Amino acid sequence: MTQEAKLLGEGFYWQDLAVGQKFKTFKRTITETDIVNFISATGMLETIFIDKTFNAGAS
(Lines give C-alpha, C1' and ligand atoms only; values in the text may rest on other atoms or scores of the structure.)
Protein backbone atom coordinates (compact mmCIF):
# COMPACT_ATOMS: atom_id res chain seq x y z
CA MET A 1 0.00 0.00 0.00
CA THR A 2 1.54 3.31 -1.09
CA GLN A 3 1.01 6.33 1.09
CA GLU A 4 0.45 9.63 -0.68
CA ALA A 5 3.21 12.19 -0.06
CA LYS A 6 2.11 15.12 2.11
CA LEU A 7 2.65 18.69 0.97
CA LEU A 8 5.66 20.22 2.69
CA GLY A 9 4.84 23.57 4.24
CA GLU A 10 1.61 22.49 5.92
CA GLY A 11 3.43 22.43 9.26
CA PHE A 12 4.59 19.33 11.08
CA TYR A 13 5.74 18.53 14.58
CA TRP A 14 8.94 16.50 15.02
CA GLN A 15 7.01 13.55 16.45
CA ASP A 16 4.77 13.49 13.34
CA LEU A 17 7.72 12.70 11.05
CA ALA A 18 8.87 9.18 10.25
CA VAL A 19 12.08 7.81 8.73
CA GLY A 20 11.69 7.46 4.97
CA GLN A 21 8.63 9.70 4.82
CA LYS A 22 8.28 11.57 1.52
CA PHE A 23 6.94 15.05 0.89
CA LYS A 24 5.86 17.09 -2.11
CA THR A 25 7.30 20.60 -2.25
CA PHE A 26 6.14 23.74 -3.96
CA LYS A 27 7.90 22.84 -7.24
CA ARG A 28 11.35 22.69 -5.63
CA THR A 29 13.72 19.78 -5.12
CA ILE A 30 15.59 19.98 -1.82
CA THR A 31 19.23 19.07 -2.42
CA GLU A 32 22.12 18.23 -0.10
CA THR A 33 23.49 21.71 -0.82
CA ASP A 34 20.23 23.26 0.44
CA ILE A 35 20.53 21.30 3.68
CA VAL A 36 24.21 22.19 4.14
CA ASN A 37 23.47 25.88 3.51
CA PHE A 38 20.56 25.83 5.99
CA ILE A 39 22.69 24.15 8.67
CA SER A 40 25.52 26.64 8.10
CA ALA A 41 23.24 29.70 8.10
CA THR A 42 21.46 28.68 11.31
CA GLY A 43 24.53 27.39 13.13
CA MET A 44 22.95 23.97 13.70
CA LEU A 45 26.24 22.10 13.85
CA GLU A 46 25.06 19.34 16.18
CA THR A 47 26.19 15.83 15.29
CA ILE A 48 22.69 14.78 14.24
CA PHE A 49 22.87 17.24 11.32
CA ILE A 50 26.46 16.81 10.16
CA ASP A 51 27.27 13.10 10.71
CA LYS A 52 25.21 10.69 8.64
CA THR A 53 26.44 7.74 10.72
CA PHE A 54 25.18 9.30 13.96
CA ASN A 55 22.76 6.96 15.70
CA ALA A 56 22.76 4.64 12.69
CA GLY A 57 22.48 1.58 14.92
CA ALA A 58 19.51 2.86 16.95
CA SER A 59 16.25 0.97 16.68
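Among (1) surrounded by 11 or more Cβ atoms within 10 Å (Cβ to Cβ); (2) at pLDDT 80 or above, which single condition is Ala5 missing?
Failed condition: (2).
Restricting attention to the range 8-24, and to residues there that are aromatic (Phe, Trp, Tyr) and part of a loop (DSSP other than H, G, I, E, B), which single residue is modelled with the highest pLDDT?
Tyr13
Tally time: how many residues in the range 25-59 are modelled with pLDDT of 85 or more and surrounded by 10 or more Cβ atoms within 10 Å (Cβ to Cβ)?
4
The values are calculated or read from the model by the stated rules, or taken from the named source; none is laboratory data. From a predicted model like this one, the values you see are computed outputs, not experimental measurements. Cβ: placed from backbone, ideal geometry, glycine included. Neighbour counts: every protein chain shown.
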